[in-house]
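Participant: Okay, here's the structure, questions in a sec.
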Amino acid sequence: MTPSETAHRIVIKVGTSTLTYESGKPNIRRVEALARVLSDLHNSGKEIVLVSSGALGVGVGKLGLEKRPTEVEKRQAVAAVGQCELMFLYDKMFSEYTCTVAQVLLTPDVIDDQPRKQNVINTLDTLLKMGIIPVVNENDTVSTAEIAGANFGDNDRLSAIVAKLINADMLVLLTDIDGLHDGDPRKNKNAVRIPVVLNIDENVMALAGGTGSVRGTGGMVTKLQAAELACEAGIETYIINGENPKTLYKLLDGETVGTHFVARRKNNN
């Protein structure tokens with residue numbers, strides 16, 4: 001069986017570009033489809049943690065702003081509005097499929113402090129044991145570096161950190177392309193998807209290109225950095241297209257989708 005077929009504890013990261021339209025308004029159909037699939041996987045016995053971006057983007061849409069504000073204080077305020085709206089949507093959508101979600105907001109200082117780090121681990125483990133799906137995001141209202149482009153290095157890196165904290169079997173990064181390619185598929189129609197990466201070296205990093213979309217702060221670079229962090233911890237990592245959340249079924253059925261970054265310890269066997 002493939003690693004994806006045997007995975008039990010799974011961290012799934014979804015980005016702003018997957019959750020929202022260009023206007024910043026939530027993509028209700030996409031959010032509903034994601035909640036449906038994750039609820040079904042949860043019902044099948046999988047332990048699911050969702051790391052979700054989107055607070056700032058949803059806040060922009062909720063407030064009817066033309067674009068993201070540039071001032072850090074305003075970005076924090078908009079993110080606070082958006083986080084409320086985002087969790088309302090998740091609570092509503094997951095509840096329709098009889099699943100309970102819990103909000104977990106993290107900052108780097110918590111992870112760097114051993115007692116508080118252990119508290120986070122205890123909370124996440126307890127939520128999973130209680131059959132609850134944690135929804136994790138960085139706390140943008142009190143931590144300014146992430147919305148200014150630093151800190152966890154986008155929620156991609158946060159998702160890898162969370163995967164390490166809970167000893168996840170698998171990390172899945174949902175994005176707006178079909179995985180890592182040998183060129184930018186948005187600019188080069190002949191770019192070929194790379195199905196498996198055994199080692200994330202400088203040649204692989206060179207394929208990442210630039211940053212993400214206008215609505216997101218990441219891009220392939222941060223996803224590769226997250227994959228490297230997770231793989232070093234022995235966590236199988238996948239980058240797949242999040243446009244159709246049902247692709248997660250194919251992945252967990254052992255089909256080849258997206259790009260699989262093989263866990264380091266598995267390579268050394």
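Participant: Evaluate the following for Glu32: is it at pLDDT 90 or above and of a type outside the set (Ser, Thr, Tyr)?
Facilitator: Against the criterion (at pLDDT 90 or above and of a type outside the set (Ser, Thr, Tyr)), Glu32 qualifies.
Participant: Of the residues in the stretch 89-101, how many are farther than 13 Å from Leu19 by Cβ and either free of Cβ contacts under 8 Å to residues at least 60 places away in the same chain or touching a Leu at 6+ places or on another chain (Cβ under 7 Å) (or both)?
Facilitator: Of the residues in that region, 7 qualify.
Participant: Would you check which residues across the stretch 21-36 are surrounded by 20 or more Cβ atoms within 10 Å (Cβ to Cβ) and either within 17 Å of the chain's Cα centre (by Cα) or of a type in the set (D, E, K, R) (or both) and list them?
Facilitator: Those that are surrounded by 20 or more Cβ atoms within 10 Å (Cβ to Cβ) and either within 17 Å of the chain's Cα centre (by Cα) or of a type in the set (D, E, K, R) (or both): Pro26, Val31, Leu34, Ala35.
Participant: Can you name the residue in the stretch 225-247 that is among the aliphatic types (A, V, I, L, M) and surrounded by fewer than 24 Cβ atoms within 10 Å (Cβ to Cβ) and, of all such residues, is nearest to Ala160 (Cα to Cα)?
Facilitator: Going residue by residue through the stretch 225-247, those that are among the aliphatic types (A, V, I, L, M) are 226-227, 229-230, 233, 235, 239-240.
Still in the list and also surrounded by fewer than 24 Cβ atoms within 10 Å (Cβ to Cβ): 229, 233, 240.
Values: Leu229: 6, Ala233: 9, Ile240: 15 Å.
Applying the filter and picking the extreme gives Leu229.
Participant: Within the stretch 82-106, take every residue that is among the hydroxyl-bearing types (Ser, Thr, Tyr) and in a helix (DSSP H, G or I) and give me the one that is farthest from Ile28 (Cα to Cα).
Facilitator: As a first pass, look at the stretch 82-106 and keep what is among the hydroxyl-bearing types (Ser, Thr, Tyr): 90, 95, 97-98, 100.
Remaining after also requiring in a helix (DSSP H, G or I): 90, 95.
On the way: Tyr90: 10, Ser95: 15 Å.
Filtering the stretch 82-106 for residues that are among the hydroxyl-bearing types (Ser, Thr, Tyr) and in a helix (DSSP H, G or I), the one farthest from Ile28 (Cα to Cα) comes out as Ser95.
Participant: Among the residues of the stretch 41-81, what is the count of those that are more than 19 Å from Leu158 (Cα to Cα), not in a helix (DSSP H, G or I) and not polar (S, T, N, Q)?
Facilitator: Residues in the stretch 41-81 being more than 19 Å from Leu158 (Cα to Cα), not in a helix (DSSP H, G or I) and not polar (S, T, N, Q): 10 in total.
Participant: Out of all the residues in the stretch 44-58, is one or more on the phi > 0 side of the Ramachandran plot and in contact with a strand residue (DSSP E or B) (Cβ under 7 Å, 6 or more places away or on another chain)?
Facilitator: Checked the stretch 44-58: at least one residue is on the phi > 0 side of the Ramachandran plot and in contact with a strand residue (DSSP E or B) (Cβ under 7 Å, 6 or more places away or on another chain).
Participant: Of all residues in the stretch 208-234, count the ones that are in a loop (DSSP other than H, G, I, E, B) and either among the basic types (Lys, Arg) or at pLDDT 90 or above (or both).
Facilitator: Adding up the residues that qualify gives 3.
The values are calculated or read from the model by the stated rules, or taken from the named source; none is laboratory data. Because the structure is a prediction, the values reported are computed rather than measured. Heads up, the Cβs are rebuilt from the backbone with ideal geometry, glycines too, and the neighbour counts pull from every protein chain shown.
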